[in-house]
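What follows is a set of notes on a single structure, which appears directly below.
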Amino acid sequence: MFNNKKNILLISLLVLFFIFSTTLPAQEDNVTEVSITLKVPAIALINFIVDGNQMITYSYSYSGPEQVEQIITPLTGDKTWLNYSSVVNEGLTNYITAHISSGTLPADVTLNVYVSSDVGSGAGLMGTSLGKITLSSYPKNIIVNIGSCYTGVGLYKGHQLTYAWKNPDSYNYELMYENGDAIAVTYTITSTE
Amino acid sequence: MNKIGKKIVVLVGTLLFITNVWSQEWTAGDNVTLHIPFFCLIETNYAPVVLTFATPAAGAPITSVLNSDLFVKVSSIVPGTTHREITARISSGSVPAGTVLTLVSAPCTTTNSGGGLGTPGATPIILSAVDQELVDLITTCYTGTGYNDGYQMTFTWEPDNPANYSQIESINTNIIVVFTITAHDSN
């Protein structure tokens with residue numbers, strides 16, 4: 001039975017196969033790997049909330065999640081709160097600007113806004129308020145160096161805005177509003193990118 | 001029929017006769033050795049796991065996001081009263097700063113499985129570079145091989161505590177999570 005060459009070759013191959021199969025490293029079948037993708041999007045969201053207890057007219061314009069527009073009157077006063085959420089890229093910050101986006105102030109009227117510090121209802125690296133700004137049609141920084149943070153949502157959260165009118169009697173809100181020329185202020189959150 | 005053939009017939013006949021005669025007093029039996037090797041195999045359904053923080057409302061924090069697409073499948077034979085565990089760790093990459101990634105296993109699906117499929121831990125593990133236990137007391141079992149057979153894994157990704165929120169940065173990263181079914185004698 002073992003005297004023919006074919007059989008000898010076959011047996012040799014079998015022996016070799018067993019030797020190799022035993023000397024090969026054992027497969028690590030008790031381990032398996034999975035790739036997980038984690039994505040943190042950059043976030044820049046802004047909104048404002050107005051305390052409705054005061055008889056005011058305000059309008060909310062959602063031009064994008066990073067921009068809101070508020071129609072203000074001499075009665076808007078200090079009832080507005082600015083809320084925002086921010087997640088920044090490494091080394092960058094977000095900042096918020098304000099400008100008069102609609103309407104024209106009489107020459108003898110000045111409109112200031114005081115921006116309070118964040119009241120601390122959220123967490124993270126809150127922006128720094130620049131305090132008092134005189135509003136114009138050109139965007140001016142009001143809050144800068146916003147890191148990854150959130151202010152919380154609602155009244156008494158984030159930064160309180162207080163509008164102060166110089167010589168408000170020259171500004172006839174009722175008439176302006178009817179003419180579609182009410183003063184609107186737009187707040188924009190932008191990355192330093 | 002040749003000589004050998006006749007001898008075998010006689011031998012078999014004799015054996016039959018002997019066992020018939022003595023069967024009332026003796027139990028005849030062959031010593032059959034059935035060798036079952038102890039083994040364990042683990043695999044996943046290779047579901048892509050992508051977690052993306054959703055955009056919140058202005059003023060709100062990013063909230064947790066979860067993914068339950070991944071199933072882990074095993075086959076296991078263990079000796080005696082021993083058992084195995086499924087553990088998980090991060091072998092490559094790291095979870096972005098200011099966030100935590102947790103993982104919890106559901107009990108094994110029942111459709112195509114059988115045996116001692118073990119018990120998942122009740123509390124999600126916080127994934128790290130160190131192996132942590134997901135399923136314990138796995139004995140001899142199989143989970144099934146279908147796409148949705150086995151232990152369904154739920155990854156939950158969320159911001160760490162608020163004090164670390166400022167560490168979060170916009171990022172797109174990959175990590176490798178390694179699942180291990182332990183040796184039966186390691187317990």
Qualifying residues in region B:127-146 (those that are polar (S, T, N, Q) and under 11 Å from the mean Cα position of the chain (by Cα)) - the one nearest to B:V95 (Cα to Cα): B:T143
Filter result (under 27 Å from the mean Cα position of the chain (by Cα), more than 8 Å from chain A (Cβ to nearest Cβ) and closer than 30 Å to A:I46 by Cβ) within region B:31-63: none
In region A:95-133, the residues that are modelled with pLDDT of 95 or more and in contact with an Asp or Glu (Cβ under 6 Å, 6 or more places away or on another chain): A:M126
Verdict on A:A182 being touching a residue at least 40 places away in the same chain (Cβ under 8 Å), in a loop (DSSP other than H, G, I, E, B) and more than 28 Å from A:I43 (Cα to Cα): yes
Members of region B:95-116 found to be of a type in the set (S, T, Y) and either within 24 Å of the chain's Cα centre (by Cα) or not assigned by TED's automatic domain parsing to the domain that holds B:A163 (or both), listed by number: B:T102, B:S105, B:T109, B:T110, B:T111, B:S113
Output for region A:131-170, where each listed residue is assigned to a loop (DSSP other than H, G, I, E, B), on the phi < 0 side of the Ramachandran plot and in contact (Cβ under 8 Å) with a residue 40 or more places away in the chain: A:L135, A:P139, A:G147, A:S148, A:T151, A:V153, A:L155, A:K157
Residue match in region B:40-52 (condition: closer than 30 Å to A:S86 by Cα and part of a loop (DSSP other than H, G, I, E, B)): yes
Check on B:D185, among the acidic types (D, E), modelled with pLDDT of 95 or more and out of contact with any Pro (no Cβ under 6 Å at 6 or more places or on another chain): no
Residues located in region B:74-120, provided they are buried (at least 17 other Cβ atoms within 10 Å of the Cβ), more than 14 Å from chain A (Cβ to nearest Cβ) and within 22 Å of A:I36 (Cα to Cα): B:V104, B:C108, B:P120
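So which residues in region B:169-187 are away from every other protein chain (no Cβ under 12 Å) and in a loop (DSSP other than H, G, I, E, B), if there are any at all?
Answer for region B:169-187, where residues must be away from every other protein chain (no Cβ under 12 Å) and in a loop (DSSP other than H, G, I, E, B): just B:N187.
The values are calculated or read from the model by the stated rules, or taken from the named source; none is laboratory data. This is a predicted model, so every value here is computed, not measured. Cβ sites come from the backbone with ideal geometry, for glycine too, and all protein chains shown count toward neighbours.
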